[in-house]
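Accompanying notes for the structure given below.
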Amino acid sequence: MAEKKSFGEALRTFRVAAGMTQKQLADAVGGIRQQNVGEVEKGKRSGFARDTVERIERVLGLKAGELARHLPKGHAARELAETEVPDMGIVWGSPPRHVPDPVDGATFKLTGRWPAGTFVLRVSGHSVHRYGVHDGDVIAVEPSEEQVSGALLIARQGNAYTIKGCWDGKLWSFSRDDETPKEMDSREPYQIIGRMIGIVDGQRGFLPIPRIKPAPKKK
């Protein structure tokens, strides 16, 4: 296994990969000088304040926490890279089927800031691909029972989690071959447990409000 880089080494690697000089980085980030960047890269100082690390990551086009994970233990910005949340198992991006219960104690490491109680699910199926959610994606879910219009919600049906659309106070089911969602059968028992807020591992094409277009109402 390759030896983990120090924060300064990682900063230099990412900066060079972005084609930026120390001065260009300092100017783009703001609030720091070229000298500060040089001192950090040479290991003469341990790093920057949390908000500065966040700005550096954005300027360099990095994912939240991608640079912060190289900071020394105990640094305030390390939490950008070290949040463990519950891994609740599979969610069906297709009609729900019986699935095993989640593994007790399973977790997933998130980077960045997430709402309290966030958990992850692993998508199985292709029916929500037109909304940027693909088979194999790991999605972040904010616990909520609210029916947010236009959002993708996670509902529990029997022993399975499934992705539903919400529009006009109604839930809509997805099918891989259908161009538009179909209104969910109100006789089918379900419980809304959360709202999808991001893709944390996968193709990352998801929009928080994906402009769901339900099937036209019958005349």
Which values of log₁₀ I(q)/I(0), to two decimal places, follow from the Debye formula for the stretch 132-195 at q = 0.17, 0.24, 0.26 Å⁻¹ with a uniform point scatterer at every Cα? -0.58, -1.18, -1.35
Amide H of F119: which non-local residues (sequence gap of 5 or more, or other chain) have their own amide H closer than 5 Å, using H built in the peptide plane? V141
Determine ³J(HN,Hα), in whole Hz, for all residues of the stretch 62-78 in sequence, where each value follows from phi through the Karplus function 6.51 cos²θ - 1.76 cosθ + 1.60 and θ = phi - 60°; x replaces Gly and Pro. 8, 6, 4, x, 5, 8, 4, 5, 8, 5, x, 4, x, 5, 4, 7, 4
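With N residues in the stretch 83-201, what two-decimal value do you get for its Cα radius of gyration over 2.2 N^0.38 Å? Don't skip to the end; give the middle numbers.
Working: Rg = 13.4 Å, N = 119, 2.2 N^0.38 = 13.5 Å.
Here the answer is 0.99, to two decimals.
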Under 5 Å between amide H atoms, partner at least 5 residues away or on a different chain: which partners does G198 have, H built in plane at 1.01 Å? A140
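Coordinate-derived values only; no laboratory data. Quick caveat: nothing in here was measured; it's all calculated off a predicted structure.
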